[in-house]
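Before any comments, here is the structure.
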Amino acid sequence: MDRRHSRAVTTGAVVAAAVTVAVGLSACSSSSTSSSASSSGATSSFSPNTASFSGSPPSALASNASAAKSAVSAAASSAGAAAASFEASVSAAGASAKAAATAALASVTGPGNAIGDVTLTGVPTSTTGGANAAIVTITNSTSAAASYAVKVEFDDSSGTAVDTDVVGVQNLAPGQKAAPIAASGKDVGVTLTPRVVQAQRY
């Protein structure tokens with residue numbers, strides 16, 4: 001073999017070796033990149049099972065829960081205050097008539113002599129703060145002026161009396177109507193049924 005042929009063979013071998021090394025490096029780089037991407041993908045798609053966590057919830061969640069409880073408590077307190085305010089205003093408006101009616105009913109046994117002169121109309125709880133109330137319509141069916149005393153009972157769904165209220169009107173002219181309001185401050189938010197248990201004309 002002459003010198004030029006030997007040099008060509010040597011050069012070819014070197015080139016082949018270089019190509020082999022480059023291909024190997026490329027394969028390693030590709031494998032590494034693929035592995036890294038695969039690892040990154042696995043990390044990004046991982047979702048922990050929070051049900052297995054222990055300890056206190058993150059502060060943001062605890063803060064939201066506390067705020068919700070405070071809002072519910074404030075709403076309940078506001079509703080109770082509104083109901084109490086409504087009942088107080090009703091009581092103040094008919095205080096003297098109520099006192100007279102209570103005294104008149106003290107000696108009455110049974111339903112009284114004026115049940116037929118009285119009807120009830122429920123008042124929407126949206127206007128009373130949740131308190132149960134009824135408009136007591138009294139009509140003087142006689143030919144002379146008269147005073148009336150009416151006791152209203154508020155019953156729960158089982159028919160049990162939960163509360164009572166007394167209303168009245170004095171010197172109602174013949175054929176005229178009066179409409180005092182009977183109210184209960186008990187079981188606010190629970191529907192109670194009002195009914196007339198005594199009505200006395202005097």
Inspect the stretch 119-129 for any residue being buried (at least 20 other Cβ atoms within 10 Å of the Cβ) and under 18 Å from Val196 (Cα atoms) and give the result as yes or no.
no
Among the residues of the stretch 136-151, write down those that are farther than 12 Å from Val166 by Cα and under 38 Å from the mean Cα position of the chain (by Cα).
Thr137, Ile138
Among the residues of the stretch 131-159, write down those that are in a loop (DSSP other than H, G, I, E, B) and surrounded by fewer than 20 Cβ atoms within 10 Å (Cβ to Cβ).
Ser141, Thr142, Ser143, Ala144, Ala145, Asp156, Ser157, Ser158, Gly159
Give the residues of the stretch 94-115 that are of a type outside the set (Val, Ile, Thr), in contact (Cβ under 8 Å) with a residue 60 or more places away in the chain and assigned to a helix (DSSP H, G or I), sorted by residue number.
Ala97, Lys98, Ala100, Ala101, Ala104, Leu105
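Computed from the coordinates by the stated procedures, all read-outs in this text should not be read as laboratory data. Source: prediction; values computed, not measured. Glycine gets a Cβ as well: all are built from the backbone with ideal geometry, and neighbour counts include every protein chain shown.
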